[in-house]
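*Asks:* Here it is: the structure, laid out below.
The values are calculated or read from the model by the stated rules, or taken from the named source; none is laboratory data. Just so it is clear, the model here is predicted, and its values are computed rather than measured. Note: ideal-geometry Cβ built from the backbone for every residue, glycine included; neighbour counts use all protein chains shown. SASA here: full protein model, heavy atoms, side chains in, ligands and nucleic acids out. Shrake-Rupley method; radii C 1.70, N 1.55, O 1.52, S 1.80 Å.
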Amino acid sequence: LIIPLSGIVGWIKRIFTVKFHILLVAQAFSDTTLASSCKSIKTYRCYLIQNANGKRYIGLAENVAVRLQDHNAGISTYTAKHGPWELQWTSYEMTLSEARKVENLLKKQKGGNGLQPLLHKFQGQPIT
């Protein structure tokens, strides 16, 4: 039986991912409060903002509301000269690695026909 190296590497990654998630759950339940454990895991969202001229910007942040304030306050170099900005869309919560992949995928669309299906696919809950 010959198993390709790429197949073995894939299985090893899956095993470690499963073990990592089991460890996270075990740690969460061993703490006194589950809520405090869950808050320690950082999550990120991708977002799309747009100005009055229709110019769009795609980014990612831990806290999209605070990041939007930063854009409108002129803290970000690119968006400072094009504001004010309004939040148009946010993704669901994900890890930093996942969020970076989604952000790059959205940016590659350059606002073309492929953007709308992706926005729908990764749609998150409204930010309150």
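*Asks:* What are the residues whose amide H is under 5 Å from the amide H of Q88, where those residues sit 5 or more places off or on another chain and H is modelled from the backbone?
*Replies:* HN-HN under 5 Å from Q88: L48, I49, Q50.
*Asks:* Still on this structure, please answer the following. May I ask you to rank I41, I75, I58 by accessible area, largest first, using a 1.4 Å probe over the protein chains only?
*Replies:* I get I75, I41, I58, largest accessible area first.
*Asks:* What net charge is computed for the residues neighbouring G59, neighbours being all others with C-beta under 11 Å from the C-beta of G59, Lys and Arg scored +1, Asp and Glu -1?
*Replies:* +3
*Asks:* Provide the net charge surrounding K108, with neighbours chosen by a C-beta distance below 13 Å and charges set as Lys +1, Arg +1, Asp -1, Glu -1.
*Replies:* +3
*Asks:* Dipole magnitude of the stretch 37-113 about its Cα centre, charges +1 at Lys/Arg Cβ and -1 at Asp/Glu Cβ only, in debye to the nearest 20?
*Replies:* Computed about the Cα centre, the dipole is about 260 debye.
*Asks:* Mind listing which chymotrypsin sites (Phe, Trp or Tyr not before Pro) in the stretch 54-128 are in a DSSP loop and have 15 or fewer other Cβ atoms within 10 Å?
*Replies:* Loop-located and lightly packed - Y92.
*Asks:* Separate question: Cross-link candidates for K108: which aspartates and glutamates have Cα within less than 12 Å, leaving aside residues fewer than 8 places away along the same chain?
*Replies:* Excluding near neighbours in sequence, the set is empty.
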